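Here is the structure we will look at.
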Amino acid sequence: MKRLYLIRHNVYTFKGPMTLEEVKKYSKSAQSNAEDEISGNCSKWIQLGDYGRLRKYYPEVSKVIAKDNGDWGVSLASVEPVKIAFAKSVFSKKVIGWSAGAICIFLATVYYFSENGAVATGVLFSSKKPTPKTAHELLVSNNYDDLAVFIKRNLPYIIKEVNKNPKLLPTWLPYLRAHAFNADGEMEKMPQKVLNGNASIPGVADCRYLAWIQIWRKQTGALEGFIQAQSVGNTEFERLLAWDPAWIARRRPIGWMKPANLYEGCFHLGTRAMQKVLPNNAPIYAALMARLSYMKDSLSGKRVAFAYDNVTQLNLLDLFNCYEQAQSEANIATCDSFQIDNPKVVDVITFKRAVSMLRIKQSDPAAIQAILAELPLIAPLYQFDYQPEIFYWQQRANQMSHQDAAKIAQEKYPEVVFD
C-alpha cells in the first residue's frame, strides 16, 4: 500500500493526497517553496526546507527533495516550526485542535479510498483556481461523483467569474449541464432557461426529474391502452416513448457533451422517474423497460439486434423498435404484418416506416423522391422536426453521394450530424 502525503501551502491551502513521486514532482514545480509543510500518515507537519527534521520524520521525502532541490538553503534541524497566531475571533484553540484531528481522519480516509480508486488524487483538492479543463477530465472519464463534488465546491466562484465575464459561460456550460442532468435536471443558482439553453421539447414543458415523477404518477393509468395501441392521449410519456433515438443522437448543439443535448438529458431523467414510480412487478414494466433500454442503447451508439425471425406478438413499443431497427425490406415486411387500426397510432407508425425506408432505399433516387413526397416535416405525436434530414435526403434524391450530401447539409444545419 503506497504511503500518501498532504502538502500545506501558504498555511491554509492543502494539496494532495500525493504519492511520493507526486511530492517529488510538486517540489520541483514553481508553486513549491521551502516553507511548505508536509504530513504523512497523520504524523507531524514538517517544512520541506527543514532537512534535519525532514530526515528524522520523513527520510524517504528528504531523499527525493534533497536530490532535486539541494539549493533550497541550510538545514533547519534545530528550528521549531513557526507558530502563526490567529485572532481569537477567527479561530479558537478548540477549533484549531479539532482541525488537526480532522485532517488526520481525512488523510486516513483518503489513504484507504485511494487504494480502491475512489479518489481523484490532486484534482478535487487543488489550490488552483477551478478550470473547465479539470471538469472536462472528470467528465470524459465518467467520474460523475467527483464532478459533482468539484462543481458544488466551486459553483460560487464559477458564477462570480461568469457574471464578470459572460463569455466564460459557454466554456463551463457542458460540465454544469452534465452535473445537473446526472442529478435531477436543475441546479441551485442556475436559471433553468440557461441550463436548458434555447432548446425546447415539443409537448414536454418541464424535463426536471421531479416533474417526470409527477407525470408518471398522474398518467400511469393510461399507459396500458397506449402500449396496446388502443388509445393515444398526446401525453408527455407517450411522446417520450415514441421519440426517435436516432434523431436525438444526430443533434450536437454547442454547449453540451454528456448528455449530448436537452432531449437526451430529458430522456434519462424521464426513464429514471419511471423506474422510481412503477414497481418492477407491474404488468407494463417489462414492456416499458424493453423500449427505454433500446432507446438508451441507441443513444449511446450501441447497435441493438431485433429478433425479426422470431416475432410472434408485438405491442406498440415493440413495433416502434421494429421499424426503427429495420435494415431491409424483409424486416419492414415483418413489422407490417402486425395490423394497427387506431388512426392516431397509424400516423406515427407510417412516419417511422417511411424514415426507415429512406435508409433502406438510399441507393435508389427515384424511391427516395417518392418517399419524400409523402413525408411531413414534423413527426406525428412526438413532433420532432425532420427538416434537416429531409434536406439531406433531397440531395440524395438528386443523385448526390452520401459524402457530398452530408457536407452540404452540415453547412446548412451545423448542429446536426449526418453520418
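Every number in this text was worked out from the coordinates using simple rules, so none of it is lab data. Since the structure is predicted, the reported quantities are computational estimates derived from the model, not experimental observations. For neighbour counting, all protein chains shown are included, and Cβ atoms are generated from backbone atoms with ideal geometry for every residue, glycine included.
Quick notes on this structure:
- Estimated dipole of the range 252-314 in Debye, rounded to 20 [Cβ of Lys and Arg +1, of Asp and Glu -1, Cα centre]: 220 debye
- Mean separation of Cα contacts under 8 Å (6+ apart) over length of the range 364-419, as relative contact order %: 31 percent
- Residues in the range 155-167 carry Karplus couplings, in order, of 4, x, 5, 4, 4, 4, 5, 5, 5, 6, 9, x, 5 Hz; the curve used is 6.51 cos²θ - 1.76 cosθ + 1.60 with θ = phi - 60°, and Gly or Pro positions show x.
- Of the residues V348, Q395, I408, the one whose Cα sits farthest towards the positive end of the charge dipole of the range 344-419 is V348 (charges of +1 on Lys and Arg Cβ, -1 on Asp and Glu Cβ, taken about the Cα centre).
- Residues V417, V162, sorted so that the one with the fewest Cβ neighbours within 10 Å comes first: V417, V162
- Summed residue charge, Cβ within 15 Å of V311's Cβ, Lys/Arg positive, Asp/Glu negative: -4
- Taking other C-beta atoms within 10 Å as the exposure proxy, D347, D297, D419 rank D419, D297, D347 from fewest upward.
- Efficiency of FRET between E60 and Y157 - r from beta-carbon atoms, R0 41 angstrom, step 0.05: 0.70
- Cross-link partners of K160 among aspartates and glutamates, defined as those whose alpha carbon lies under 20 angstrom from its own and excluding same-chain residues fewer than eight positions apart: E186, E188.
- Counting only lysines at least 8 places from K24 when in the same chain, those with an alpha carbon closer than 27 Å to its own are K2, K15, K44, K56, K63, K67, K83, K128, K129, K133.
- Given +1 at the Cβ of Lys and Arg, -1 at the Cβ of Asp and Glu and no other charges, the dipole of the range 162-313 around its Cα centre is 620 debye to the nearest 20.
- Each label was represented as a point 7 Å from its Cα along the Cα-to-Cβ direction; for L377 and D341 these points are 3.6 nm apart.
- Burial ordering of L288, L6, fewest other beta-carbon atoms within 10 Å first: L288, L6
- Hypothetical label at E329: residues of the range 342-357 whose amide nitrogen lies under 13 Å (7 Å Cα-Cβ projection): 357
- Cross-link partners for K296 among the lysines, with Cα-Cα distance under 20 Å and sequence neighbours closer than 8 places in the same chain left out: K258, K276, K352.
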